[in-house]
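Scroll down for the structure; my scribbles are underneath it.
The values are calculated or read from the model by the stated rules, or taken from the named source; none is laboratory data. Model, not experiment: these values are computed from the prediction. We place every Cβ from the backbone using ideal geometry, glycine too, and count neighbours over all the protein chains shown.
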Amino acid sequence: MSSAQIRYTIAMPAPATHRFQVSIHVRGASGPLRFRMPAWTPGSYLVREFCRHVEDVRAFTPSGEALPVHKEDKACWVAEAAEGGLDLRYEVYAHDLTVRTSHMDASHGFFNGTNVFFRVEGHEEGPFRLDVQVPDGWISSAALPRDDDGSYIVADFDELADSPVECGTHEEHHFMAGGIPHRYVFWGSGHEDMETIIADTTKIVEAEIELFGGAPPELDDYLFICHMQEKWNGGLEHKKSQVNGVDRLCFRDIRGYERFTTLVTHEYFHTWNVKRIRAEGLGPFDYDQEAYTPLLWMMEGITSYYDTLVPTRAGLITRERYMEILGDRIATLRAIPGRRLQSLEESSYDAWIKLYRRDENTVNSSVSYYLKGAMAVFMLDLHIRLESGGERSFDDVLRALWIRQRDTNQAIAPAEVNQLLSEAVGMDLTSQLDAWVRTREDLPFEEMLGRFGLTLTGKHKDTYTRPKTASGGPAPWMGITSKTVRGLTIVNEVRRDGPGHEADIASGDELIAIDGLRLEPGGLKKRLALFEPGQTLKLTLSRRHELIERELTLGARPHDGYTLALSEALTDDQRASIHAWLGGLPES
C-alpha cells in the first residue's frame, strides 16, 4: 500500500465544451512525481494514445502556489512535490462516443477511467477517493461504494480504470437478480420496455450464475450502462459493470432485441471469464503498452459461444433460431479466406494490429478469435459430450476454471491450457486443441455434427430473380464486395480466393460498365443475375481516375448460410445429448 493519500476529482462545469476538468490531490509524498496517462483500455486491444486528449496540465502546492511541470514523454508529466504533496490539474477533451472512450455534451457526461485519469507512478495502490462533481440536476452512476461525504471509494488504480461513470439526468432502474442488486441506466431516447428488459436480464444473470456454480463473492452491485444511438456500437466489460452502445430502435424488432439480449449476456459472462478467469497479462495491467497473449480465443471465443447458448437455455431464443445462428456463424467463418492464414492463437496474439485495425485486406489476412473461437469451443463441447457419453461438457470446464480462479486468483499461462481443460472433463484434449486452436486447418463441422445427430446443409440466403435462361444451378460470383458512394459503385473487398482477385480487381476501383453497358448505382447484383458461372465478363473500371479494362470469369457463389437440422435416423443417445445441450430438442 502506498504511503501517499490520493484523491481524484472530476468536474464538468461546461458540458457543451466536451472538456472534463480533473484534479489529482496527492498528500504525504515528496520529490518528483510522474503522472502517466494509459495508452489503452482493457477489453479493447488497441493502443489508442489517450494522452492526445490531455490539455493544460498545471501543478500547485497544497496552498495554491504554482509548481513547474515538464513533459517527460508523450504520456508522462512530471512535477516536484513539495513537502506535504501537490495538486495536479488538467483538462481532457471528451467527444468520442464509444464504449471504450469518453464523451460529454450538454445531455450527459460519460467517462472511462483509462481515458481521463493519470496514474501516479509508484502510488497505484489505494485506497483512493473519487469526487464526481456534476451540474445541477444531474446525478452520477458507478459500480463503486460511496463514502459518507458522497465520494466514491476506489481500491486501487486498476479499479479506478475499470469503473466507468455515467453522469446526467437519467433514472436508475434497480432490480435484484441472483440475490445481487443490479441497476440499468439509459442515456438517449429509444423504445426500451424496462419491465421486459429487467425480466429477461434477470433470467440471463441467474442462468449464468447457475452455469458457473455461483457468483463472485465480492459482486455486491452491478451496473448496466446503455447508450442509445442510431446504430450498434458494441459493448465493454468491467468487473462490476458493462457499457453497451445500443441501436435505439432495437427493442421493438425481433432480431434487434435478440442482439440486445446476446450483447448483455456476452458482457455479463465476462464477469467471470476475462475479468476474473483471465490470461496472463490481463490483470494486473500494464497500461503503457500492449499486453500480448495467445489466449484471447479463450477469453472472447468461449464468451461468444455462450452468449447465444445461455439465452437459448433461458428461453429467450428458441432452439430453432439457435440452429439458424450456428448455421450463420459457420457460413460467416467459411467466407473468410484469412482463416487459412491465422490460427486462433496467432489471431489472439495479433489482436493489437489485426482485429482492431480492419482494412480492405482483413478478410484475406486474418480471422476473428471471437468468431472462430466460438466455433472451436462449439466443437470442443460436442467432442466432450460425445466422448464422455453425455456425462461431461464444456460447462464443466467453465466451473473448473472458475473454482481455480476463485481459490487461487491465478492467471492462466498458455502452457497450462491443455492440462486445465483436460483435467476439467477427465479426458485428454491435447490433440483437439492442437488441431482446432493451434493450426490453420478448418474446423470439422460436418463430421462432429453428424456424430452428434445433426445435419449441416449449405444454402443461399440472398435470393433474387434469375432470368428465364438461367440454368437453375449456383448463382454467379465475382468474389468482391462493393458499396455505392455518391452514385458510384466502388469495390470494397476483394477475396483472395475469388475471381476478382484473379482478374486484378482492386479495392477502391470504380466499377463503371459490364460488357460495355453502364452499371446503374446499386445495380451490380441485379446485373450479375443475368449471367452464369463460367462466363467471362469485360469490365470497365476507373482506377485513380484512369479508365482500365479487365476480363473476369465468373465463379459459383459459395453458400452464405447453413441449415442445421436433426438427423432423420436420430438415436436415443443422440436425442438425449441434444436435449442436455440445449434444454430440449429443436423442431425439425
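For segment 506-525, the set of residues classified as touching a residue at least 60 places away in the same chain (Cβ under 8 Å) and part of a loop (DSSP other than H, G, I, E, B) consists of Ser507, Gly508, listed by residue number. Comparison of Ala580, Ala556 shows that the only residue that is hydrophobic (A, V, I, L, M, F, W, C), under 25 Å from Ile336 (Cβ atoms) and in contact (Cβ under 8 Å) with a residue 12 or more places away in the chain is Ala556. Of the helices (runs of 4 or more DSSP H) lying entirely inside segment 252-352, those containing at least 1 residues that are without any contact (Cβ under 8 Å) to a residue 40 or more places away in the chain and of a type in the set (Phe, Trp, Tyr) are 254-269.
Residue-level check: of (1) in a loop (DSSP other than H, G, I, E, B); (2) touching a Phe, Trp or Tyr at 6+ places or on another chain (Cβ under 6 Å), Gly190 misses just (2). Could you run through segment 52-73 and say how many residues are closer than 16 Å to Val92 by Cβ and among the polar types (S, T, N, Q)? So the answer is 0. For Thr169, the test of being among the hydroxyl-bearing types (Ser, Thr, Tyr), over 28 Å from Met299 (Cβ atoms) and either modelled with pLDDT of 95 or more or out of contact with any strand residue (DSSP E or B) (no Cβ under 6 Å at 6 or more places or on another chain) (or both) is passed. Selection over segment 245-273 of residues that are surrounded by fewer than 17 Cβ atoms within 10 Å (Cβ to Cβ) and either assigned by TED's automatic domain parsing to the domain that holds Gly373 or among the hydrophobic types (A, V, I, L, M, F, W, C) (or both) gives a count of 2. Does Leu333 qualify as being of a type in the set (A, V, I, L, M, F, W, C) and surrounded by fewer than 20 Cβ atoms within 10 Å (Cβ to Cβ)? Yes, satisfied.
Residues in segment 556-577 that are part of a helix (DSSP H, G or I) and in contact with a helix residue (DSSP H, G or I) (Cβ under 7 Å, 6 or more places away or on another chain): Gln574, Ser577. Segment 353-458 holds helices (runs of 4 or more DSSP H) entirely within its bounds, and those carrying 2 or more residues that are surrounded by 15 or more Cβ atoms within 10 Å (Cβ to Cβ) and within 25 Å of the chain's Cα centre (by Cα) map to 362-365, 371-387, 394-408, 417-425, 430-437.
Here's the yes/no breakdown for (1) loosely packed, with under 15 Cβ neighbours inside 10 Å; (2) in contact with a Lys or Arg (Cβ under 6 Å, 6 or more places away or on another chain):
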position	(1), (2)
Gly508	yes, no
Thr540	no, no
Asp572	yes, no
Ser577	no, yes
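Residues that are under 19 Å from Val47 (Cβ atoms) and either buried (at least 24 other Cβ atoms within 10 Å of the Cβ) or out of contact with any Pro (no Cβ under 7 Å at 6 or more places or on another chain) (or both) within segment 289-308 comprise Gln289, Glu290, Ala291, Tyr292, Thr293, Leu296, Met299, Glu300, listed in sequence order. Note on segment 115-162: among residues that are touching a strand residue (DSSP E or B) at 6+ places or on another chain (Cβ under 6 Å), more than 16 Å from Arg36 (Cβ to Cβ) and acidic (Asp, Glu), the one that is modelled with the highest pLDDT is Asp131.
In the set Ser189, Ser163, Ser151, only one residue is of a type in the set (Gly, Ala, Ser), buried (at least 17 other Cβ atoms within 10 Å of the Cβ) and under 25 Å from the mean Cα position of the chain (by Cα); that residue is Ser163.
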